[in-house]
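To keep things clear, I will list the structure first and then write my remarks on it.
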């Protein structure tokens, strides 16, 4: 499961689920709710698909997998509508897209359909946590630079808040609250992550060559 936080991270390793990273990451709290919903849907869908794997005919496997995912996404949508009605208005369309998120369906096809329930649950949760790690990182950068807040709370700079300082100096990065801002932040993080990974791979080779 921990491997999917870095070595097999769905975003910067496999470039999956980009839609959500662009759509809901301008506010950290919105992103947190989206990630929680995705983690629930991914882990429970993987568990259910694994439990039913020996009873699902091969010819309708994909259809059944999508239906399983849809059930858990509906639960997420209802929960958001009841407990976070205002935020639900902003992210409802993207919550529905979890049904077709290639990370969720991909883990069912690649792992849950061939493995035992607990292992499948852990695999689905690991994929969701890896995805959430990147989304929360993107959301943090975008909210701080775009709004001058952290999870909707003011950031103190001593006698003034970051939001007030940015407003006084006209220093808000407006692009960070727009979809292109997500592209820039995500691309930068993917570049940094891959550079770190490549450096880690080249270090043993350099030592081996020196020997």
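Summary table below
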| quantity | calculated |
| --- | --- |
| Contacts under 8 angstrom Cβ, first residue in region 126-155 being at positive phi and crowded, with 24+ Cβ neighbours inside 10 Å, partner part of a helix (DSSP H, G or I) and modelled with pLDDT under 90, 6 or more apart | none |
| Residues of region 6-28 satisfying the condition of being modelled with pLDDT of 70 or more, surrounded by 16 or more Cβ atoms within 10 Å (Cβ to Cβ) and assigned to a helix (DSSP H, G or I) | 22, 23, 28 |
| Qualifying residue in region 106-114 (condition: surrounded by fewer than 20 Cβ atoms within 10 Å (Cβ to Cβ), in a loop (DSSP other than H, G, I, E, B), in contact (Cβ under 8 Å) with a residue 12 or more places away in the chain and out of contact with any helix residue (DSSP H, G or I) (no Cβ under 8 Å at 6 or more places or on another chain)) | yes |
| Check on residue 76, over 30 Å from residue 169 (Cα atoms), in contact (Cβ under 8 Å) with a residue 12 or more places away in the chain, out of contact with any helix residue (DSSP H, G or I) (no Cβ under 7 Å at 6 or more places or on another chain) and assigned to a helix (DSSP H, G or I) | no |
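The values are calculated or read from the model by the stated rules, or taken from the named source; none is laboratory data. Just so you know, these numbers come straight off a predicted model, no measurement behind them. So basically every Cβ, Gly included, is an ideal-geometry build from the backbone, and we count neighbours across all protein chains shown.
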